[in-house]
Amino acid sequence: MLLAVLLPFIIAIFIPFLSKWKEKFHTGIVATIVPLLIFIYFGSFLGRGFEPVMRTYNWIPSLDMNMVFHLDGLSLLFVLLISGIGTLVALYSVYYLHTTEKLGHFYVYFLIFMGSMLGVVLSDNIYVLYSFWEFTSLSSFLLIGYWNHKHASRYGALKSMLITVFGGLSLLGSLVFMHMITGTSSIQQMISDKEAILNNEFFPLILALLLLGAFTKSAQFPFHIWLPDAMEAPTPVSAYLHSATMVKAGLFLVARFSPMMSASEWYFIIVSSFGIITLCWGSYMAVRQTDLKGILAFSTISQLGMIMAMLGFGTKIAIFAAMFHILNHATFKGSLFMVAGIVDHETGTRDIRKLGGLMNYLPMTATLAMIGIFSMAGFPLPFLNGFYSKEMFFKATLDLSAQEGIAAFLTNAIPYLAVFGSIFTFVYSMYFFFGTFRGKSNIDELPKKPHEAPVGMLISPAVLILLVVIIGLFPSLINETFIEHAASAVYGGDAAKEIYFWHGFNLPLIMSLTVIAFGTILALTISRWRTVYNFVPGILSMNKVYDFTVDKSVVYSSKVTKGYMNGSLALYMKLILVAIVGVSFTFFFLTGGFALDLSQLATVTTIELIVAVTMTVAAFGTIFTHNRITAILILGVVGYGLSMLFIIYRAPDLALTQLIVETVTVALFLLVFYHLPDLGKRGEARSTKIMNWIISAGFGLLITTVAISAHSSKWFDVISSYFVDNSYKLGGGDNIVNVILVDMRGLDTLFEIAVLGLAAMAIYSLIKIKNKKEE
Amino acid sequence: MEIIMSVLAGILFMTGVYNLLQKQLLRIVIGTALVSHGAHLTILTMGRLKDGAPPILTEGVENYTDPLPQALILTSIVISFGVTSLLLVLAYRAAQINHTDNMEQLRGNDYE
Amino acid sequence: MSNLAVLPIALPFLAGIIVAFFHKKLIAARIFSIVASVIHLGVTILIFLQVNAGGSIVLELGNWEAPYGIVLVADPLSALLALTTAIIGLAAVIYAPKSLSELQEEFYFYSFFFLLISGVSGAFLTGDLFNLFVFFEVLLMASYGLIILGNGKAQLRESLKYILINLFSSMLFVTTISFLYSVVGTVNMAQAAERVGEVEQQGILTTIAILFFFVFATKAAVFPLYYWLPNSYTVPNAVVSALFGALLTKVGIYSILRTFTLIFNHELTLTNTLFIYLAIFTMIFGVIGALSTNNVKLIIAYNIIPAVGFMLMGIGIFTETAIAGSIYYLVHDMIIKAVLFMLIGAIIYVAGTSDLNKMGGLIHHYPVLGWMFFLATLVLAGIPPFSGFIGKLLLLQGGLAQEEILVVLAALISSLGILFSMMRIFIKGFWGEPDIMELPSQKPSLSLMTWPIGLLLTISIILGVGAEWFYPNIEAIAEYVMNPDLYIESVLKE
């Protein structure tokens, strides 16, 4: 099983080499064989007696990150979808993508996506799941940006990535949290320990983060906005990632965790309300689109919403219908995308306003489209699988029960919303089909003269449509073999359901008929009420919110950053000082830092006082003098004062060094500033001055208080007695300071010299490079 | 005396920092020198002041002042001397090449 | 007792001095530098292996017993970081000739470089606070030399600010050392730790700890002390930026980690709360900075800051998992920052501009560069299974186990921001019409630049995918770090 998941990745490595011969041998052929093999492998698990399989492959056991693959009914449904549709899409792409395109890139992304998607649905380990999850987002990003010379592609790619990775990170937060609570990184074990999670005080956060991950991936309102823009990807990609598989990862996630989460009332409220709103909004907005793929994108959003809502209901029939519809949706929507691709390929446009009457030119395509469309619309015919699941959906909406609160309100509202959404589903389906294939044809205005598509291009949609019909005619064929297993895995108990065409003349059927009646009326009068779209999305458009957020995040970041990162050293220093003084004093008071011990102080003598006062005056003098030379000389006074203190405090070596250093420094100061342009005195605003005084006084105060407290807290003997004892004995010198410097702390001294050497080199290069440049 | 020295160190830091916040390059470099003086004075004060004879071994003297802070200061003086020299030359070159010694005019947002 | 511990400091130190004597003979200097770096790498590998097999190597320099003389302590943590430093050093020295002008190379680039490596290794290895200050000065002085190398107008302007802020913090550093000396009477870290422990960090000691934190936080570029970083890392040559980005801030973080796990670990509720809040702000403001500009190099420079936030977060959470996360992240970040600055150097080299608005379509001409950048972006943003993810995961685990929700959310959001800021470069710079930019008709050969980048990138990918080989080691280090008694005993031999 590991090989099955890794196979796409392994083959992806060789694709760039294969693509060198793409003229003779279309790279897509390899990409067709890979999913086919995977499909055959997983197909062998199918059957009535299917039992879940768990395989463990060690990867990073010490972090609880292992490749644990759990093949149960749910993942089996998904792997077969991924590999099956993958095969068909790859085959379709062989005809769709010309060999002049960068096939190598395309199929590398394609295979990486496929492998990652398999990984997502098979992983029982949350971290492996998350890893693959992010890789689906990234490969989707690369695929949308495949034609990256187009602005729209880049825009769509970034948008999809930001939204799905945002969701991915939120998912990660939720997964890690659950790991920390339950102590296991296995989903199945978490489910068996669900009480711990449900009773945790942070459960609402965990649920919200998890659902955020699922909703962004599955394009639920209001995060759906990335999906229409993702249509910039080549059509095979749209058919595969953005309708049949990747966008269903969110559904998968919700389904996977529903045995754990569905016990919570909030789970029902959030998931079903988001789902039902998405259903309505998506189908409503689909009618507004003029791009064929745009219609399909919103249609996908709406259908995803419907499935999401059913997962939220959590009843037996709802779960069953959800699983069933995941399969059905993949069949008819996949084929419709391919149809849209064919139309685009053959006519050169996907703009429904320019299209029309193509039935005569593309009869095969039109037939396929018709079956797909009517299945999607849920038209009650015994060979359309879409009708079955739609009917079950209506039944599920009626089966809900809740006593009070928001949940009760929802259960009452959902059936109406379901009908509302389905009416628009019917409308856009008709709009799509009749707008493209029927009506007036204006062939001359199309960029290309339309012909029927090559046979190769028709194979894949034909297979899918065939599936639509087969499932429609013999639903129990797939029911017992795997839909049942999938539903049971999600429901957490036996969820077998019989699928019938005729349930009698009951409420769900009335709902279906209502949909058709109103749908037909609205579809016929579409031109009269379309103006409504000029008003209703308006400010509600989440695209505007996204654009605003992204644009403004850059603009405001820039504003904020330029606000303080203005290059002014004085400002930087002020901010740093305020932080240091503020926080240090806070801690000083919090921890009772102050101490004063007057018992061990040295005596005060007049000479020291004189020196100290002189230094104080001089130090202030550097600020108040206007003359630069004076300032430098006054600085010298402070330095010499310091060496006086060193003498008084019995540090002769220091005094000597300080004396020399001070002299040289002052000389250097004078030398350098002799050459500097005198640009006059710079006044500061009064308020700035006061501010500077406060800050510097605060810092001085900090040093003084800490110094006094530190000095008053001498709790230990200093290590220096050792130096006194051993200076001569071991170090061979009388001058203890010198012995310390050259021997005990010789390393310091060595590197202190290194610092001087470095300074010399730096100065040398400062001066020398200038001369070189001027030469 | 340690209290007075602590206050003096505080004053040196304060005036040094005030100078650091000025616009004129010269003042800023003076500020760094004052801060270094403050730091060195603090180190000395943190050993005990006048607690014994200068730390040069002499017959018959038992008590010496703490030699370690002195060694540390010595290292630190030399290092700050190196930095200050570099800083001075750099200040000179920066002022020359940018035609100003006003730090506030050296904000800049170009990176060549 | 093994003298091995001094070699990571002494070798580059000597190499730096020797190479100064023939700094104008570039061919010889380059070969010499590569050879020296390889030997240096070999030595650090040896130390790393030996430390992991036989425990910390404690070297009392000049045989002056601790705590009186200076000790070098090659413990698991410092050995690991010294090793990482050596790897980056080698990559940088291969990359340098292509990136630098000959004039820059001639003016002691290699000397500055080696002393920088020496200072950084010293800072990791030393067991003495004042000695740490000295090594800080060495690496800073070398960095001053590197940042002004070339004498550009903006370079001089920004290096002035860089030096001034660092000088200030250095002076605060010695002052704070003296405060600590006054209270505990020693500058040896192990002994200081022991003595601070004896009095349970009462009274003034916590304030002193906070001052130390601010000193290190300035070097580490923690909020609100990082203002000096973005511009001063943008102005020098790419190889210099790579060294700075990989090594300098990390020394600051290492010092925080060391002092607050070893010495000041008795008032954790207070200090860790501070760290966690600062970590949040560091992440958020760093990301905001990274989104604020169109200068590609500046984007990378800003991206250093949130990474610092991540590492500080682990220190603030202070559990074994979180500390392991910080250490993993530290190693990861050292490597990936070097990679990114080198990549940006190559991008600017071929594009002739660092302005994102003037770039486009580069991937059609430089696919290898483009995909390396893409990969590096994934690594940086913490996309699994690369190295950034492992560190981030540990941090998240640590944070959530302690129910530090706020910092976890900040970490997640800033991950998105990091990815966004980097993808902007990829989308704007690499994607687009192939002929949007006027590129020189003769494509310059980049192999000398791409090889070291590829080397480092491979390491960071292995660090993620092969985490099983590294994590137990990091976990052991975290366990060791959380047991400061081990360190104290190994130095003071009680």
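The residue list C:Glu137, C:Glu200 contains one member that is outside any helix (DSSP H, G or I) and either surrounded by fewer than 24 Cβ atoms within 10 Å (Cβ to Cβ) or without any contact (Cβ under 8 Å) to a residue 40 or more places away in the chain (or both), which is C:Glu200.
Among the conditions (1) touching a Ser or Thr at 6+ places or on another chain (Cβ under 7 Å); (2) free of Cβ contacts under 8 Å to residues at least 12 places away in the same chain; (3) among the polar types (S, T, N, Q), the only one that C:Asn63 does not satisfy is (1). Suppose the filter is surrounded by 24 or more Cβ atoms within 10 Å (Cβ to Cβ), assigned to a helix (DSSP H, G or I) and more than 13 Å from chain A (Cβ to nearest Cβ); does C:Ile299 pass it? Spelling it out, it is not the case that C:Ile299 is surrounded by 24 or more Cβ atoms within 10 Å (Cβ to Cβ), assigned to a helix (DSSP H, G or I) and more than 13 Å from chain A (Cβ to nearest Cβ).
Filtered by the rule that a residue be under 21 Å from the mean Cα position of the chain (by Cα) and under 23 Å from A:Gly492 (Cβ atoms), the range A:165-184 gives A:Leu171, A:Ser174, A:Leu175, A:Phe177, A:Met178, A:His179. When A:Leu633, A:Leu609 are screened for being under 26 Å from B:Leu21 (Cβ atoms), aliphatic (A, V, I, L, M) and part of a helix (DSSP H, G or I), only A:Leu633 passes. Taking the conditions (1) without any contact (Cβ under 8 Å) to a residue 60 or more places away in the chain; (2) within 20 Å of C:Ser241 (Cβ to Cβ); (3) surrounded by fewer than 19 Cβ atoms within 10 Å (Cβ to Cβ) in turn, C:Tyr349 satisfies each one other than (1). When we screen A:Ser170, A:Ser174, A:Ser153 for residues that are assigned to a helix (DSSP H, G or I), facing chain C (nearest Cβ under 9 Å), closer than 30 Å to A:Ala196 by Cα and among the polar types (S, T, N, Q), the only hit is A:Ser170. Exactly one residue out of B:Ile11, B:Ile43, B:Ile4, B:Ile77 is aliphatic (A, V, I, L, M), modelled with pLDDT of 85 or more and within 26 Å of A:Lys689 (Cα to Cα), and it is B:Ile11. Here the condition is being surrounded by 15 or more Cβ atoms within 10 Å (Cβ to Cβ), free of Cβ contacts under 8 Å to residues at least 60 places away in the same chain and among the hydroxyl-bearing types (Ser, Thr, Tyr); of A:Thr436, A:Thr411, it holds for A:Thr411 alone.
So is C:Thr206 within 9 Å of chain A (Cβ to nearest Cβ), within 19 Å of C:Gly119 (Cα to Cα) and hydroxyl-bearing (Ser, Thr, Tyr) or not? Here the answer is no, as C:Thr206 does not meet what is asked. The set of residues from the range A:661-688 being out of contact with any Gly (no Cβ under 9 Å at 6 or more places or on another chain), at the interface with chain B (Cβ under 9 Å from one of its Cβ atoms) and assigned to a helix (DSSP H, G or I) comprises A:Val664, A:Leu668, A:Leu671, A:Val672, A:Phe673, A:His675, A:Thr688. For the residues B:Val61, B:Val35, the requirement of being more than 7 Å from chain A (Cβ to nearest Cβ) and either under 22 Å from A:Trp715 (Cα atoms) or assigned to a loop (DSSP other than H, G, I, E, B) (or both) singles out B:Val61. Taking the criterion of being at the interface with another protein chain (Cβ under 7 Å from one of its Cβ atoms), under 30 Å from A:Val578 (Cβ atoms) and without any contact (Cβ under 8 Å) to a residue 40 or more places away in the chain, would at least one residue in the range A:717-733 satisfy it? No, every residue in the range A:717-733 fails to be at the interface with another protein chain (Cβ under 7 Å from one of its Cβ atoms), under 30 Å from A:Val578 (Cβ atoms) and without any contact (Cβ under 8 Å) to a residue 40 or more places away in the chain. Applying the selection to the range C:161-177, what residues are within 8 Å of chain A (Cβ to nearest Cβ) and either of a type in the set (Val, Ile, Thr) or over 22 Å from the mean Cα position of the chain (by Cα) (or both)? Matches in the range C:161-177: C:Ile165, C:Thr175.
Inspect the range C:68-75 for any residue being among the aromatic types (Phe, Trp, Tyr) and under 30 Å from C:Ala209 (Cβ atoms) and give the result as yes or no. Yes: one or more hits. Considering only residues that are among the aromatic types (Phe, Trp, Tyr) and either exposed (fewer than 15 other Cβ atoms within 10 Å of the Cβ) or under 17 Å from C:Ile57 (Cα atoms) (or both), which ones fall in the range C:466-492? If the condition is that a residue be among the aromatic types (Phe, Trp, Tyr) and either exposed (fewer than 15 other Cβ atoms within 10 Å of the Cβ) or under 17 Å from C:Ile57 (Cα atoms) (or both), then C:Trp469, C:Tyr480, C:Tyr487 are the ones that fit. Where residues in the range A:749-761 are of a type outside the set (Val, Ile, Thr) and more than 7 Å from chain B (Cβ to nearest Cβ), which of them is surrounded by the most Cβ atoms within 10 Å (Cβ to Cβ)? Among those residues, the one meeting the criterion is A:Leu758. Looking only at the range C:412-456, residues that are over 15 Å from C:Phe373 (Cα atoms), within 14 Å of chain A (Cβ to nearest Cβ) and not small (Gly, Ala, Ser) come to 8 in all. Every listed requirement among (1) free of Cβ contacts under 8 Å to residues at least 12 places away in the same chain; (2) of a type outside the set (S, T, N, Q); (3) buried (at least 24 other Cβ atoms within 10 Å of the Cβ); (4) more than 7 Å from chain A (Cβ to nearest Cβ) is met by B:Ile97 save one, (3). Does B:Ser85 qualify as being at the interface with another protein chain (Cβ under 7 Å from one of its Cβ atoms), farther than 15 Å from A:Gln658 by Cβ, within 13 Å of the chain's Cα centre (by Cα) and small (Gly, Ala, Ser)? For B:Ser85, the condition - at the interface with another protein chain (Cβ under 7 Å from one of its Cβ atoms), farther than 15 Å from A:Gln658 by Cβ, within 13 Å of the chain's Cα centre (by Cα) and small (Gly, Ala, Ser) - is met.
State whether the residues of the range C:478-486 include one that is more than 22 Å from the chain's Cα centre (by Cα), modelled with pLDDT of 90 or more, aliphatic (A, V, I, L, M) and in a helix (DSSP H, G or I). So far as the range C:478-486 goes, yes, one or more of its residues are more than 22 Å from the chain's Cα centre (by Cα), modelled with pLDDT of 90 or more, aliphatic (A, V, I, L, M) and in a helix (DSSP H, G or I). Apart from one condition, C:Val239 fits all of (1) crowded, with 24+ Cβ neighbours inside 10 Å; (2) at the interface with another protein chain (Cβ under 10 Å from one of its Cβ atoms); (3) part of a helix (DSSP H, G or I); the exception is (2).
Filtering the range A:578-594 to residues that are facing chain C (nearest Cβ under 9 Å) and surrounded by 18 or more Cβ atoms within 10 Å (Cβ to Cβ) leaves A:Ala579, A:Ile580, A:Val583, A:Ser584, A:Phe585, A:Phe587, A:Phe588, A:Thr591, A:Gly593.
A:Glu201 meets all of the listed conditions (1) closer than 20 Å to A:Phe135 by Cα; (2) without any contact (Cβ under 8 Å) to a residue 12 or more places away in the chain; (3) in a loop (DSSP other than H, G, I, E, B) but one, namely (1). Inspect all residues belonging to the range A:734-748 and state whether any of them is surrounded by fewer than 18 Cβ atoms within 10 Å (Cβ to Cβ), more than 50 Å from the chain's Cα centre (by Cα) and within 9 Å of chain B (Cβ to nearest Cβ). Yes, the conditions are met somewhere in the range A:734-748.
The single condition from (1) crowded, with 21+ Cβ neighbours inside 10 Å; (2) within 11 Å of another protein chain (Cβ to nearest Cβ) that A:Leu111 fails is (2).
Report yes if some residue within the range A:536-551 is at pLDDT 85 or above, over 21 Å from C:Tyr277 (Cβ atoms) and hydrophobic (A, V, I, L, M, F, W, C); otherwise report no. No; the residues of the range A:536-551 include none that is at pLDDT 85 or above, over 21 Å from C:Tyr277 (Cβ atoms) and hydrophobic (A, V, I, L, M, F, W, C).
The values are calculated or read from the model by the stated rules, or taken from the named source; none is laboratory data. Since the structure is predicted, the reported quantities are computational estimates derived from the model, not experimental observations. Quick reminder, even Gly has a Cβ in these numbers, built from the backbone with ideal geometry, and neighbours come from all protein chains shown.
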